[in-house]
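Heads up: the structure comes next, in structure tokens.
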Amino acid sequence: VLIKRFADGEIYVQLQESVRGCDVFLVQPTCSPVNENLMELFVMIDACRRASARSITVVIPYFGYARADRKAQGREAITAKLSANLLTEAGSDRVIVCDIHSTQALGYFDIPVDHIHGQPVILDYLASKTISKDLVVVSPDVGGVVRARAFAKKLSDAPLAIVDKRRQGHNMSEVMHLIGDVKGKVAIMVDDMIDTAGTITSAAALLKQEGAEAVYACSTHAVFSPPAIERLSGGIFEEVIVTNSILLPEHKCFPQLTVLSMANLVAETIWHVHRDGSVSSIFQ
């Protein structure tokens, strides 16, 4: 695909080979710059549709705007639903997303959606490491308990701990409580994404305070908005394990960071979709 920008910033797309009668898979994470990448994706979908592609499947390793999935206050937009509508209107026939922030957002699509998980890649890596058997899986907030419980089950039914964070009022510091035992154990913190790293770093400090021997952070999406790098590389984490669902430039890398490839997982998913096979069977 040839992609250019006009002088005024408009996006130009031209396919460099024929896709007539083909099943097209467009791989595009909608990470920063989110609006640029989304618009680029819409234009590519339209180009494929007008070039007579038989089907267009959009593969989105990281789905931007997924966090705006409800109206928390009045007069807010539900941008996750808007993005789903735009993908459909542009001409997508199917969407493949990885670890979307909230699974309720899958219902915003009026076309088939295959939801894949980055957990197997991270679990395989953890299995290859000589970490102490005395593990505890930790959810950095109450909202991620289901995710952490599923992760713990696949780590030989490791025990689960939860960090409960409560704000006492506006402009007041958060009070954090730990539900579970981490004393003398290796804590594996699990989240779908790390953005500014404020929540996960505060939770890690609490775990250390409660006697955890070491803290590992595991996340599918490394958004890493400032000041995430300073927080994550401060020495509180033994290792920060992420996938390459978002391409990380060199200035966002640090010694404790491990980036795992999702290429095989995404490729296998595409192959199953193309052959009308079961996608869920990949994760069983």
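The values are calculated or read from the model by the stated rules, or taken from the named source; none is laboratory data. Keep in mind the model is a prediction, meaning the values are calculated, not measured. Here the Cβ positions follow ideal geometry from the backbone for every residue, glycine too, while neighbour counts run over all protein chains shown. Remember, those area values only see protein heavy atoms, side chains included, never the ligands or the DNA or RNA. Shrake-Rupley method; radii C 1.70, N 1.55, O 1.52, S 1.80 Å.
Of note:
- Our note on the geometry: Cα centres of region 19-76 and region 116-160, 30 Å apart.
- Highest mean packing first, where packing is the average number of other Cβ atoms within 10 Å per residue, the peptides 61-70, 112-121 line up as 61-70, 112-121.
- Highest mobility in the GNM of the chain, judged by mean-square fluctuation with C-alpha springs under 10 Å and restricted to Asn37, Asn264, Asn244, is found for Asn264.
- Listed residue (Phe6, Pro112, Leu178) projecting farthest to the positive dipole end of the chain, Cβ model: Leu178
- Amide H partners (placed H, <5 Å) of Val59, local residues excluded: Leu26, Val27, Gln28, Ile96
- In terms of its Cα atoms, the chain spans 61, 43, 35 Å along the principal axes, sorted from long to short.
- Using the average count of surrounding beta-carbon atoms within 10 Å as a protection proxy, the listed peptides 142-149, 213-220 rank, highest first, as 213-220, 142-149.
- The chain: most fluctuating residue of Val34, Val190, Val223 per GNM, C-alpha cutoff 10 Å: Val34
- J(HN,Hα) series, region 193-202, from Karplus relation 6.51 cos²θ - 1.76 cosθ + 1.60, nearest Hz, glycine and proline x: 8, 10, 9, 8, 6, x, 5, 5, 6, 4
- Neighbours of Ile116 by Cβ distance under 11 Å: Lys/Arg scored +1, Asp/Glu scored -1, total -3.
- Compactness check for region 54-184: Cα Rg over 2.2 N^0.38 Å is 1.33.
- For region 1-67, the percent of C-alpha pairs falling in each 5 Å distance bin, counted from 0 to the bin holding the largest distance, reads 4, 17, 26, 23, 17, 10, 2, 0.
- Beta bridges assigned by DSSP with both partners in region 122-231 are antiparallel in approximately 30 percent of cases.
- For Gly64, distant residues with modelled amide H under 5 Å away: Thr30
- By average C-beta atoms within 10 angstrom, highest first, the peptides 128-138, 179-189, 194-204: 194-204, 179-189, 128-138
- Solvent-accessible surface of the chain, taken per residue with a 1.4 Å probe and all protein chains present: 52 Å².
- Note that region 275-280 has calculated 3J(HN,Hα) couplings of 9, 6, x, 7, 7, 4 Hz, one per residue in order, obtained from phi through the Karplus relation 6.51 cos²θ - 1.76 cosθ + 1.60 (θ = phi - 60°); glycine and proline are x.
- Cut-off 12 Å between beta-carbons: net charge of the residues surrounding Thr220, Lys and Arg +1, Asp and Glu -1: -2
- Couplings 3J(HN,Hα) of region 38-47, computed from phi: 5, 5, 4, 5, 4, 5, 5, 4, 5, 4 Hz, in residue order, whole Hz [Karplus 6.51 cos²θ - 1.76 cosθ + 1.60, θ = phi - 60°; x for Gly and Pro].
- When you filter the GluC sites (Glu not before Pro) in region 19-81 for DSSP loop state and at most 13 other Cβ atoms inside 10 Å of their Cβ, you are left with Glu76.
- Over all other residues within a Cβ to Cβ distance under 12 Å of Glu36, the charged ones net out to -1, with Lys and Arg as +1 and Asp and Glu as -1.
- Carbon plus sulfur fraction of accessible area for region 2-116, probe 1.4 Å, in percent: 48 percent
- Each Lys and Arg contributes +1 and each Asp and Glu -1, all at the Cβ; summed about the Cα centre of region 2-116, the dipole is approximately 160 debye.
- Cα-based equivalent ellipsoid of region 2-116: semi-axis lengths in Å, sorted from largest, via gyration tensor: 25, 17, 11
- Carbon + sulfur, % of accessible area of region 119-260 - ligands and nucleic acids excluded, 1.4 Å: 50 percent
- Helix 145-154 vs. the chain, principal-axis angle (Cα, 0 to 90°, nearest 10): 80 degrees
- Put a plus charge on the Cβ of each Lys and Arg, a minus charge on the Cβ of each Asp and Glu, and nothing anywhere else: the dipole of region 152-249 about its Cα centre is then about 160 debye.
- For region 119-260, the convex hull spanned by the alpha carbon atoms encloses 107 Å³ per residue.
- Cα point-scatterer Debye curve for region 190-281, base-10 log of I(q)/I(0) at q = 0.13 Å⁻¹: -0.51
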